[in-house]
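Have a look at this one.
The values are calculated or read from the model by the stated rules, or taken from the named source; none is laboratory data. Since we're looking at a predicted model, the values are computed, not measured. Glycine gets a Cβ as well: all are built from the backbone with ideal geometry, and neighbour counts include every protein chain shown.
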Amino acid sequence: MDARNALKGLATGLMSVGIIATVPSVWAADKVFELDNFNGVAAVQGLDVGVVVGKQFLVTASSESAEQLENLKIRVEDDVLVVGREYRSSGFWDWWKHSADATVMVQMPSLSVLKASSGAELLVEGVNCETLSIDASSGSDIEVIGRCQTATIDASSGAGVDLKRLELKTATADASSGADININVSDAFYGDASSGADIDVYGQPTVAESDTSSGADIDFRGAE
């Protein structure tokens with residue numbers, strides 16, 4: 001499969017569940033990264049990353065120019081696909097030029113770890129797992145769609161985690177420093193919120209334990 005068709009195929013899947021709005025008819029530049037054997041994804045440095053849990057490993061990227069794709073630094077570290085940028089200069093112009101829009105789309109057979117930081121956006125569809133670890137910080141956003149037995153969620157420094165469309169049986173959530181978590185859980189919820197953070201719990205967990213401090217809130221919204 002060439003880069004153009006691979007990228008369009010993943011984009012079509014993401015569009016079908018509302019993760020992206022449209023599939024462009026022409027990509028200005030695209031690239032396939034030959035990487036596999038990872039079970040997690042970490043997005044950093046303001047990048048937009050879409051993930052679909054599917055049958056095979058596939059990592060593709062699109063941007064306004066081929067130069068932007070060359071500045072992407074995508075590698076596997078400790079079984080996690082790390083999606084970031086490689087800066088070659090400390091000058092402001094080079095920073096601005098290298099931080100232009102780029103979108104990375106990932107297909108992978110299984111998923112157990114999600115991380116986002118520094119303003120990155122991580123959007124995930126098709127999850128069906130036993131356990132999931134989620135960590136969002138520094139103004140980043142993570143949204144996950146699917147189902148999972150249990151999840152551990154940590155959000156800090158203005159980050160947002162939206163799990164309203166992730167069916168969970170058990171969840172442990174920790175939010176701090178203005179972070180927000182929306183979570184949908186059926187059996188057991190354990191939460192801690194501090195320093196202006198908010199956790200909204202949807203569903204009707206039979207076990208619910210929570211602790212708040214420093215202007216934080218944990219609200220139980222019930223079934224929608």
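Any residue in the range 33-59 that is without any contact (Cβ under 8 Å) to a residue 60 or more places away in the chain sitting within a Cβ distance under 8 Å of a residue that is of a type in the set (S, T, Y)? List the pairs, counting only those 6 or more apart or interchain.
Close Cβ pairs (under 8 Å, with a partner that is of a type in the set (S, T, Y)) amount to F33/T60.
So, of the residues in the range 6-18 that are more than 18 Å from C129 (Cβ to Cβ) and among the aliphatic types (A, V, I, L, M), which turns out to be modelled with the highest pLDDT?
A11
Here's the yes/no breakdown for (1) assigned to a strand (DSSP E or B); (2) of a type in the set (D, E); (3) assigned by TED's automatic domain parsing to the domain that holds V124; (4) farther than 21 Å from N128 by Cβ:
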site: R147; (1), (2), (3), (4): yes, no, yes, no
site: T150; (1), (2), (3), (4): yes, no, yes, no
site: G158; (1), (2), (3), (4): no, no, yes, yes
site: D162; (1), (2), (3), (4): yes, yes, yes, no
site: T170; (1), (2), (3), (4): yes, no, yes, no
site: A173; (1), (2), (3), (4): yes, no, yes, no
site: S177; (1), (2), (3), (4): no, no, yes, yes
site: I183; (1), (2), (3), (4): yes, no, yes, no
site: S186; (1), (2), (3), (4): yes, no, yes, no
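Quick check on S177: is it hydroxyl-bearing (S, T, Y) and either crowded, with 21+ Cβ neighbours inside 10 Å or farther than 24 Å from S140 by Cβ (or both)?
In short, no.
Okay, residues lined up against (1) at pLDDT below 95; (2) within 11 Å of the chain's Cα centre (by Cα); (3) in the same structural domain as T150 (by TED's automatic domain parsing):
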site: A100; (1), (2), (3): yes, no, no
site: T103; (1), (2), (3): yes, no, no
site: S117; (1), (2), (3): no, yes, yes
site: E130; (1), (2), (3): no, no, yes
site: I134; (1), (2), (3): no, yes, yes
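Give the residue that is modelled with the lowest pLDDT, with candidates limited to residues of the range 25-74 that are among the acidic types (D, E) and assigned to a strand (DSSP E or B).
Step by step, filter the range 25-74, then rank; the result is D30.
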